[in-house]
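**Q** Can you keep this structure in mind? I'll have questions shortly.
The values are calculated or read from the model by the stated rules, or taken from the named source; none is laboratory data. Note that this is a predicted model, so its numbers are computed, not measured. Cβ placement follows ideal geometry from the backbone for every residue including glycine, while neighbour counts extend to all protein chains displayed. All accessible areas refer to the heavy atoms of the entire protein, side chains included, with ligands and DNA or RNA removed. Shrake-Rupley method; radii C 1.70, N 1.55, O 1.52, S 1.80 Å.
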Amino acid sequence: MAHLQANAVQQVEGGEKARDLGYMGLAALGLTFLFLWLSQQGGVSSAIGIGGLIVAASAAVGGVMGFLFSVPRIMTKEAPAVPTADVKAGAEGLKSPRRERLLASNTNLERISEWLTTMLVGVGLTQVASLPSHLNSFADFIDKQAGGLFAGANAPLLNAVTVSSPFLLVFGLIAGFIFFYLYTRIYLSPLFQQVEILLDKDPGEQKLGEQTTKQIVDSVPVEDRDAFLSYLTSSDRLSVNQGIEIIFDLLYQPGGYEQAIAIGTKLASTPASKIAQFWFLMAAAYGQRHRALRVSEAAPEELAKTKKAVLSAAKQAILLDPSYKENLRNLTRLDSIDNDLGDFRDDPAFLALLAG
């Protein structure tokens, strides 16, 4: 439970940081409108407004540059294959390697960010020599555009605004760059990492809800629980993998396929639906039901309904992992203990799935 609480705390803190950034954005927008209004009032108010607008605009540009330079790049690497043994598949092998996403402390925002940062640095270096003339041009622009706001006794304020405008511009650029660079590295990078962890989280490791866990546990009568099932069902909250393991264990108990199907029906609305092994075991469970119905000479409608469930589960397993075709084929071998799909060894629809 400790790691669940830690994850919850991290998500709350991440949400607070994102909310704080939103509040800062609204405050900056409000200050910008305030400076815009002051700039039209004349006198000292105009000087303060124009200076504030210069700082706000340059800080916005510097902030974008700081963001581009500090956002980490999401990297992927192949995790090593893990040896496993699948008794129901009748063979030992390797789990297919999964792509592991990592957050690297980098200064590029994917390809676009890399291109923009390279361009900004390159262009900036080529324009360093002309920087003083550009700043003078900016001061002249302010002098011409703001001249009408400082008439009469306020004329000296125009000179103050004109002289200070290049410094305010540079100050805003640097301040905006540093602030957003540090804010992104310290606060936003962990948020990116949390998103990547959520996106890449193994569906089998996710916890089921308490109600779903209780329904699964109640589906297995106490007298039918072996040591392994007793261990699994003692958990307050089962993981998806544990739910699948319960289905697996039930398939080796007499009549356990009915309980396995009942549990599988509940798991179908959880992340288990993204796991090929889940659908493979469901096909096996429905295959056992089909054989029991055939032996008991059940109505053709019941057999057809169960056959449809077998084909649907097998199709879903193959869609998620085509390598399960061979595992499904192995379940049709009558000379094997795992012959849950023996009734379908010559079924055209089932063979078409394996051949597709």
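**Q** All but one of (1) among the small types (G, A, S); (2) more than 20 Å from G264 (Cα to Cα); (3) surrounded by 14 or more Cβ atoms within 10 Å (Cβ to Cβ) hold for A313; state the number of the condition that does not hold.
**A** Tallying (1) among the small types (G, A, S); (2) more than 20 Å from G264 (Cα to Cα); (3) surrounded by 14 or more Cβ atoms within 10 Å (Cβ to Cβ), A313 fails exactly one: (2).
**Q** Search the stretch 136-151 for residues being closer than 14 Å to S46 by Cα and in a helix (DSSP H, G or I), and hand back the single one that is most open to solvent (accessible area, probe 1.4 Å). It would help to see each step written out before you state the result.
**A** The first filter runs over the stretch 136-151 and keeps only residues closer than 14 Å to S46 by Cα, leaving 142-143, 145-151.
Within this subset, residues satisfying the condition of being in a helix (DSSP H, G or I) are 142-143, 145-149.
Numbers: I142: 17, D143: 59, Q145: 129, A146: 6, G147: 27, G148: 75, L149: 50 Å².
Checking each candidate, the answer is Q145.
**Q** Which ones in the stretch 324-355 are modelled with pLDDT of 90 or more and in contact with a Gly (Cβ under 9 Å, 6 or more places away or on another chain)?
**A** K325, N327, N330, L331, T332, R333, N339, D340, L341, G342, D343, F344
**Q** Within the set of pairs 6+ apart or on separate chains, which have a first residue in the stretch 153-168 that is closer than 11 Å to A139 by Cβ, a second that is among the β-branched types (V, I, T), and C-beta atoms under 6 Å apart?
**A** Close Cβ pairs (under 6 Å, with a partner that is among the β-branched types (V, I, T)) amount to V161/I50; T162/I142; S165/I54; S165/I142; L168/I54; L168/V55.
**Q** Sticking with this one: Determine whether G255 is of a type in the set (G, A, S), open to solvent by less than 30 Å² (accessible area, probe 1.4 Å) and at pLDDT 80 or above. Step through it out loud before you land on a result.
**A** On the way: of a type in the set (G, A, S): yes; open to solvent by less than 30 Å² (accessible area, probe 1.4 Å): no; at pLDDT 80 or above: yes.
Spelling it out, it is not the case that G255 is of a type in the set (G, A, S), open to solvent by less than 30 Å² (accessible area, probe 1.4 Å) and at pLDDT 80 or above.
**Q** Tell me, please, whether a residue that is touching a residue at least 24 places away in the same chain (Cβ under 8 Å), buried (at least 22 other Cβ atoms within 10 Å of the Cβ), among the β-branched types (V, I, T) and more than 24 Å from L238 (Cβ to Cβ) can be found in the stretch 261-276.
**A** Within the stretch 261-276, none of the residues are touching a residue at least 24 places away in the same chain (Cβ under 8 Å), buried (at least 22 other Cβ atoms within 10 Å of the Cβ), among the β-branched types (V, I, T) and more than 24 Å from L238 (Cβ to Cβ).
**Q** Hey, A285 hits all of (1) in contact (Cβ under 8 Å) with a residue 60 or more places away in the chain; (2) buried (at least 23 other Cβ atoms within 10 Å of the Cβ) but one; which does it fall short on?
**A** For A285, the failing item is (1).
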